[in-house]
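Single-structure report; data block below.
The numbers here are math on the coordinates, done by the rules we state, and not lab data. Everything numeric here is computed off the predicted structure, so don't read it as measured data. Virtual Cβ from ideal backbone geometry, glycine too; neighbours counted across all protein chains shown.
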Amino acid sequence: MHISLERHLDKFIAGRTGVKVLFPLCGKTIDMRLLADQGHYVVGVDIAERAFQEFFIEQNLEYTEEQLKNVDGKLFKSMDGRIKLYCMDFYLFTKEMEGHFNAIWDHASVVAINIEDRIKYSQLIQEVMSPDCKYIISAIQYDTSKLPGPPHNVSENDLKELFPNFSVQQFDEIDRSYMYKVHGILKIFKLNG
Ligand SMILES: C[S@@+](CC[C@H](N)C(=O)[O-])C[C@H]1O[C@@H](n2cnc3c(N)ncnc32)[C@H](O)[C@@H]1O
């Protein structure tokens, strides 16, 4: 589990059961397994098919694989249906596919996308948020003159512009300098509707 999810699981789940969680640009993060094991429902979206195959093999989980009907991509699903991983371009994901989400874990995701795609990304996210949605974002901040990115810096102000109907609260900071070879701080934000 990523240290930040571990530290903030209580705020993310907020005492709820059977939470439907979206992991945009999920890769093969083990956080998806952890939440599914706790009885929640996980939907991940990523373009990298290999990440999904590795996820299920590494987690020793049986899965099914099927072609999506109305969009170019595949759905990988654990046998108990608690983990559904959509292998497709995230910008083609729609609320018709999985409805609304009660929680979104955005780790190294909004920071990974092209800066010119941010508005498209934030609009899509807002379309799939349920009214009780807890949306937590971890975003790296570092001196971009020393490293070009991605990951790109995403500041509190950037998030306020991208999500104008939400208040943005920063509630944690983690030193990540060891990962980026420059002074890097991971800031954790929560969006409140
Ligand atoms: C930095 S990784 C983060 C993975 C994961 N969130 C984590 O914390 O480990 C960024 C991921 O975004 C995926 N990605 C980038 N652009 C995408 C797109 N347009 N649609 C779907 N996935 C995309 C990449 O395949 C990659 O797995």
Counting only residues 5 or more places away or on other chains, whose amide H sits under 5 Å from the amide H of Ile83 once H atoms are built in the peptide plane?
-> Val42, Ser78
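Among Arg33, Arg16, Arg118, which comes first, second and so on when ranked by fewest other beta-carbon atoms within 10 Å?
Working: Arg33 21, Arg16 13, Arg118 17.
Going from sparsest to densest Cβ surroundings: Arg16, Arg118, Arg33.
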Tell me, what HN-Hα J-couplings in whole Hz come from the Karplus equation 6.51 cos²θ - 1.76 cosθ + 1.60 at θ = phi - 60° for each residue of region 122-132, using x for Gly and Pro?
-> 5, 5, 4, 4, 5, 5, 9, 7, 7, x, 9
For the chain, what does -39500 (n - 2.57) per DSSP helix run (n ≥ 4), summed and divided by total residues, give at 222 nm, in deg cm²/dmol to the nearest 500?
-> -7000 deg cm²/dmol
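When DSSP beta bridges are limited to those with both residues in the chain, what percentage is antiparallel, rounded to the nearest 5?
Details: 24 of 42 bridges.
That works out to approximately 55 percent antiparallel.
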Lysines whose Cα lies under 19 Å from that of Lys190, excluding same-chain neighbours fewer than 8 positions away | Lys11, Lys20, Lys134, Lys160
For region 3-192, max minus min Cα coordinate along each principal axis, in Å, sorted largest first?
-> 44, 33, 31
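In what order do Phe166, Phe52 fall by count of nearby beta-carbon atoms within 10 Å, going from fewest to most? Before the final figure, lay out each step's value.
Details: Phe166 19, Phe52 23.
Lowest count first: Phe166, Phe52.
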Please list, in chain and number order, the residues 5+ apart from Tyr135 or on another chain whose amide H is under 5 Å from its amide H, with Hs placed from the backbone.
-> Ile104, Leu191
With viscosity set to 0.890 mPa s and temperature to 25 °C, compute the Stokes-Einstein D of region 133-193, Rh being the Kirkwood radius across alpha carbon pairs; µm²/s, no decimals.
-> 202 µm²/s
Gln67 versus Ile185: modelled label distance in nm, points set 7 Å from Cα along the beta carbon direction | 5.1 nm
Amide H within-cut-off set for Met129, under 5 Å, with H built and near neighbours excluded | Phe101
